[in-house]
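Here's the structure we're looking at; comments come further down.
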There are 2 protein chains.
Amino acid sequence: MGIVVQKYGGSSVADVEKIMRVANRIVNTKKEGNQVVAIVSAMGKTTDNLISLANEINSRPAKREMDRLLSTGEQISMSLLAMAIDSLGENAVSLTGPQAGIRTDSKYSKAKIVNIVSNRLKNELENDNIIIVAGFQGETEEHDIATLGRGGSDTSAVSIAAALNADLCEIFTDVDGVYSCDPRIVPKAKKLSSVSYDAMLELALLGAKVLHPRAVEVAKSHGVEIHVRSSFSHDIGTIVKKEVSEMEHDGLITGIAHDKNVAKVVIFGVPDTPGTAAKIFKALADENISIQMIVQSAQIKNINDIAFTCSTEDAKEAADILRKIGEKIGAERVIINENIAKVSVIGAGMMTHSNIASRMFNTLGENNINIDLISTSEITISVTVDLDQCEKAVETLAKEFDIVE
Amino acid sequence: MGIVVQKYGGSSVADVEKIMRVANRIVNTKKEGNQVVAIVSAMGKTTDNLISLANEINSRPAKREMDRLLSTGEQISMSLLAMAIDSLGENAVSLTGPQAGIRTDSKYSKAKIVNIVSNRLKNELENDNIIIVAGFQGETEEHDIATLGRGGSDTSAVSIAAALNADLCEIFTDVDGVYSCDPRIVPKAKKLSSVSYDAMLELALLGAKVLHPRAVEVAKSHGVEIHVRSSFSHDIGTIVKKEVSEMEHDGLITGIAHDKNVAKVVIFGVPDTPGTAAKIFKALADENISIQMIVQSAQIKNINDIAFTCSTEDAKEAADILRKIGEKIGAERVIINENIAKVSVIGAGMMTHSNIASRMFNTLGENNINIDLISTSEITISVTVDLDQCEKAVETLAKEFDIVE
């Protein structure tokens, strides 16, 4: 009895049969006495097909137009889902991101939600309508459509849940919860019954694809409890919430994440003057390029090499930006290495147990896995390894830290 | 040198190659020193495919959702066309109907444009952008998307031309102009170099598919001169304008139109009380159902049969409306006949030459073509005939009235 926000990904609405299944699930939630807002992604391969079409026409399409184009994918699935619900006898109304009041900045292709003007949503709920909202999109101040980047529909859902002060936010996906590590690599990986925002954020940031990091950030800052679960079963999945009692975790380590969609960018020969690094990372941030690991090393006195990782998609743009800055500040050159993967161990208890890092490096070394970059946060240790050693690294670490069933 | 509004139909943007060709044409128009606004339809079969998908899910989808769904077709082609223009080195910005300021009433699936708020259009032109507008759509007062019905992109184009006080409005289509009758039936049909708004309106209303009647109405009321021409050649087409000198027409008759997409609806046994017919046609108008020929006949004293024609798509809805009213007013029954066609002769000089009607009926009779309903306006005479006699009727009338080359 309350407001339930549900998010269905592209694989959950890939064809007519699946759309009907999702419609049934939504109608059942409504019949249990809830007000329902469902956020929906584009059907299956729609987005990929639109991208191919655009690339046939223009190899570097303007981002504004690309966002405009891609946003139609979610608008098709939202209308079809509303029709499906209507055919089951419930009233449904579909809303685009702009209609749902989702306001974003103007960074096309990876815009951030800045605000949700929720009166239309509230009115439609008061009129007893089930609301279907197109995920992955919002409206800029200039009344243009902007998309939220990969995994953006998760962020749409959590942001709407926060704006409506929803009682429940369910993220339906094609796996049945959050695992301690990738079950495709480690078949005995444990499903977590619950996980804290901080650990989930690290897992998401570090490559666990089940929930988008920005969605977790929004959930954390607004205290939205998320239930990650399968759209193909009624099993309980994983609850993401503020605090998870120690009892729920058997070991020090919550999970092991890996990310193959990562590239290393290095700028060599950066003069060591105050503010140079800040200038570089501000320029990248201005383009909404997410930087992950950063390592600075001095080869010669007063000359630094700066290396960082970012997503493979962003690598070329990041390198272009660095080259422009590099010319101005007299740096040597910029290289990209896409042949790497990032592997991370995550655990809230890590900081009080200082031997985690040494155990990690030792295990990898004993298995002949070479470590390149290293970075640490309060609850994670991440390393980059060669791409073809990623699986082996996850397997050996899962064994070492005993996070399997 | 001025503002040029161009409209490209679905067959002109059916694939990547055709989109590039349209982009070139637009860029050339710009390079000739013009400001260009192009209105674009959905690519080829997109709309039909979306309709099939919707019907798989819901046999009677809500019109609001259907409009929402179909409007994505034009939004895809507008983005792709903007990308294509960008690849040719000109700045282009695509705008949805709502973004272009096209405001409509709330009659989903056949909304009427009530106003165009043109500041965004004007700003983009001032910024030296080519504007691509999604045709066939606008925004209701409730900020929902509504589509303008069949041929709606023509109306979008003419309305925008009127709002911007454009110097030229070009409608690009897959034929090279307006013909005196259908060249597929009468191979020697004449291409008209110019035609008056009134004659064009009748031609369009009576089934010539080349220009939508509502577009002609808007053009007439705002004095927008339209150039109907082929998107596959640079030949001059047909100019639609206020007055056409007598010299331009060789005969009394401008053209012969026919329409197979027409159905007859009859309500039998309507009590002959004041206001009954008004009630019936108001109810149909409230649903934006366009009524064409109306014939009322009294079989028995104080009891009338009322017959009218409308488009085949609207026939079932019209009959449903009539049945509801029929129950209240005590009418007998309602029938639909879709097995008819409408054939019309059109000519500005008709009213001063009273023998046109008798020549028409006589010619049809001599050729054993049976006439059902008859209606006349100032410049037209229309009859309905059996569907399978439509071609023969057009051929014999073209010969009788000498409108071939």
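All of A:160, A:171 fail the test of being of a type outside the set (S, T, N, Q), more than 30 Å from residue A:62 (Cβ to Cβ) and in contact (Cβ under 8 Å) with a residue 24 or more places away in the chain, apart from A:171. All conditions in (1) outside any loop (DSSP other than H, G, I, E, B); (2) more than 22 Å from residue B:341 (Cβ to Cβ) hold for residue B:176, with the sole exception of (1). Could you check segment A:45-58 and list, in sequence order, the residues that are of a type outside the set (Asp, Glu) and either within 7 Å of chain B (Cβ to nearest Cβ) or crowded, with 18+ Cβ neighbours inside 10 Å (or both)? Within segment A:45-58, A:46, A:47, A:50, A:53, A:54, A:57, A:58 qualify.
Of the residues making up segment B:59-70, those that are more than 8 Å from chain A (Cβ to nearest Cβ) and in a helix (DSSP H, G or I) are B:63, B:67, B:70.
For segment B:98-114, does any single residue satisfy the condition of being of a type outside the set (D, E, K, R) and within 8 Å of chain A (Cβ to nearest Cβ)? Scanning segment B:98-114, I find at least one residue that is of a type outside the set (D, E, K, R) and within 8 Å of chain A (Cβ to nearest Cβ), so the answer is yes.
Being part of a strand (DSSP E or B) and of a type in the set (Gly, Ala, Ser) is the filter; apply it to segment B:283-319 and report the residue that is surrounded by the most Cβ atoms within 10 Å (Cβ to Cβ). Before you say what the answer is, go through the steps one by one.
As a first pass, look at segment B:283-319 and keep what is part of a strand (DSSP E or B): B:294-300, B:303-311.
The next check asks that each one be of a type in the set (Gly, Ala, Ser); those that pass are B:297-298, B:307, B:311.
Numbers: B:297: 9, B:298: 11, B:307: 19, B:311: 17.
Within segment B:283-319, the match that is surrounded by the most Cβ atoms within 10 Å (Cβ to Cβ) is B:307.
Restricted to segment B:383-404, and to residues there that are farther than 10 Å from residue B:186 by Cα and of a type in the set (Asp, Glu), the residue that is surrounded by the most Cβ atoms within 10 Å (Cβ to Cβ) is B:400.
Among the residues of segment B:286-305, those that are more than 21 Å from residue B:205 (Cα to Cα) and either hydrophobic (A, V, I, L, M, F, W, C) or touching a His at 6+ places or on another chain (Cβ under 7 Å) (or both) comprise B:298, B:300, B:303.
Taking residue A:39, is it among the β-branched types (Val, Ile, Thr) and either in a helix (DSSP H, G or I) or within 14 Å of chain B (Cβ to nearest Cβ) (or both)?
It is false that residue A:39 is among the β-branched types (Val, Ile, Thr) and either in a helix (DSSP H, G or I) or within 14 Å of chain B (Cβ to nearest Cβ) (or both).
Considered as a group, the residues in segment B:216-232 that are modelled with pLDDT of 90 or more and polar (S, T, N, Q) include one that is nearest to residue B:163 (Cα to Cα), and that residue is B:221.
Summed over segment B:120-177, residues that are charged (D, E, K, R) and more than 20 Å from residue B:213 (Cα to Cα) total 10. For segment B:72-89: of the residues being more than 8 Å from chain A (Cβ to nearest Cβ) and closer than 19 Å to residue B:109 by Cα, which is surrounded by the fewest Cβ atoms within 10 Å (Cβ to Cβ)? Only one residue fits best here, namely B:73. Condition first: in contact with a helix residue (DSSP H, G or I) (Cβ under 8 Å, 6 or more places away or on another chain), assigned to a helix (DSSP H, G or I) and closer than 20 Å to residue A:154 by Cβ. Can you find one or more residues in segment A:222-235 that meet it? Scanning segment A:222-235 turns up at least one residue that is in contact with a helix residue (DSSP H, G or I) (Cβ under 8 Å, 6 or more places away or on another chain), assigned to a helix (DSSP H, G or I) and closer than 20 Å to residue A:154 by Cβ.
The values are calculated or read from the model by the stated rules, or taken from the named source; none is laboratory data. This structure is a prediction, so every number in the text was calculated from the model and none was measured. So basically every Cβ, Gly included, is an ideal-geometry build from the backbone, and we count neighbours across all protein chains shown.
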